[in-house]
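To start, the structure itself, in structure tokens.
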Amino acid sequence: MTGFLIAAAILVAVTLLLLLPSLLRQRAPGADASRNAINAGIYRDQLAELDRDFASGSLGQADFEEGRRELQRRLLEDAAGEGTAAAHGQPARKSAVFIGLSLPIAAALLYFILGNIPALSPEGAQPPRFTAQQVEEMVAKLAERMEQSPEADPKGWVMLARSYKAMGRYEEAARAFGKAGKLVDEDPHLLSEYAEALALATGGSLRGRPSELLAHALKLDPDFPDALVLAGTAAYERGDFAGAVTHWERLLKLLPAGSADAQSLDDSIRDARAAAKKAGRKDRPRPPSRSE
């Protein structure tokens with residue numbers, strides 16, 4: 001926290017060095033109005049971006065509320081500073097001194113009133129923890145909202161599907177992925193997640209529909225890692241050991257050499273090659289015996 005306060009003090013000092021000279025010079029008519037308009041536009045854009053991130057699920061409730069509070073704090077600081085400056089169209093040394101003293105104090109008061117002091121501590125930096133019941137309730141509310149307007153928000157279906165998948169409710173996850181429609185069909189990542197959810201819902205088998213989804217994902221992106229892993233596993237499952245080797249060797253080229261993932265994948269490739277050789281020996285016709 002001490003480091004933050006020192007950094008904040010330095011930033012305030014730099015701000016004052018930039019701000020005070022302009023207060024001691026004649027300001028052009030309408031400059032304050034222009035600046036207010038620009039700042040207002042910036043804050044509107046940032047608030048809109050926060051709303052979009054929250055609606056898409058990439059931003060949690062706590063982070064969303066904290067972001068709004070931070071934007072409101074900055075808007076109040078700007079409004080306080082510019083309101084004082086606008087009251088003096090002519091050079092005013094007393095006003096400059098007053099602002100130089102009051103701005104750090106006002107900023108500190110605003111932060112302590114509107115800010116999140118616990119967030120400065122390592123404990124405050126931790127994401128909020130929810131109970132299992134709270135998670136269940138949030139997922140249930142999302143499911144209810146999606147059922148009321150199933151065509152309106154494909155991203156909502158994806159969020160719901162991922163929530164179900166994380167909770168181990170694989171059949172419901174697969175259904176939710178299926179309702180996301182075009183959003184899933186055009187994204188190799190989502191196609192891979194959909195295939196995995198379907199497989200887990202049917203005991204872990206990638207045969208049938210999951211394999212079709214993986215083939216489509218690799219058509220969109222032949223080097224997508226998740227799809228290559230699962231497609232190789234699907235090939236191995238159906239006895240296509242050469243196909244498994246092909247998928248996994250392609251993936252191996254994308255992994256950092258010597259990494260734990262690369263070593264594990266290399267072991268799987270050796271197992272698939274050994275299985276292919278064994279299957280080849282079984283299929284090869286035996287030579288006739290001498291008695292024949």
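Is the stretch 171-186 home to any residue that is surrounded by fewer than 22 Cβ atoms within 10 Å (Cβ to Cβ) and in contact (Cβ under 8 Å) with a residue 60 or more places away in the chain?
No, the stretch 171-186 contains no residue that is surrounded by fewer than 22 Cβ atoms within 10 Å (Cβ to Cβ) and in contact (Cβ under 8 Å) with a residue 60 or more places away in the chain.
Check the stretch 109-127 and report whether any residue there is assigned to a helix (DSSP H, G or I), modelled with pLDDT under 90, within 16 Å of G60 (Cα to Cα) and of a type outside the set (D, E).
Yes, that holds for at least one residue.
Could you check, for the stretch 199-214, whether at least one of its residues is touching a residue at least 40 places away in the same chain (Cβ under 8 Å) and either assigned to a loop (DSSP other than H, G, I, E, B) or surrounded by fewer than 21 Cβ atoms within 10 Å (Cβ to Cβ) (or both)?
no
Mind listing just one residue for me: the one in the stretch 247-292 that is at pLDDT below 90 and of a type in the set (S, T, Y) and, of those, nearest to D221 (Cα to Cα)?
S289
Look at A262 and say whether it is assigned to a helix (DSSP H, G or I) and touching a residue at least 24 places away in the same chain (Cβ under 8 Å).
Taking the combined requirement at face value, the residue does not satisfy it.
Among the residues in the stretch 268-288, are any under 29 Å from the mean Cα position of the chain (by Cα), assigned by TED's automatic domain parsing to the domain that holds A152 and of a type outside the set (D, E, K, R)?
No, the stretch 268-288 contains no residue that is under 29 Å from the mean Cα position of the chain (by Cα), assigned by TED's automatic domain parsing to the domain that holds A152 and of a type outside the set (D, E, K, R).
The values are calculated or read from the model by the stated rules, or taken from the named source; none is laboratory data. As the structure is a computational prediction, the values presented were derived from the model and not from experiment. Ideal geometry is used to build each Cβ from the backbone, glycine not excepted, and the neighbour counts take in all protein chains shown.
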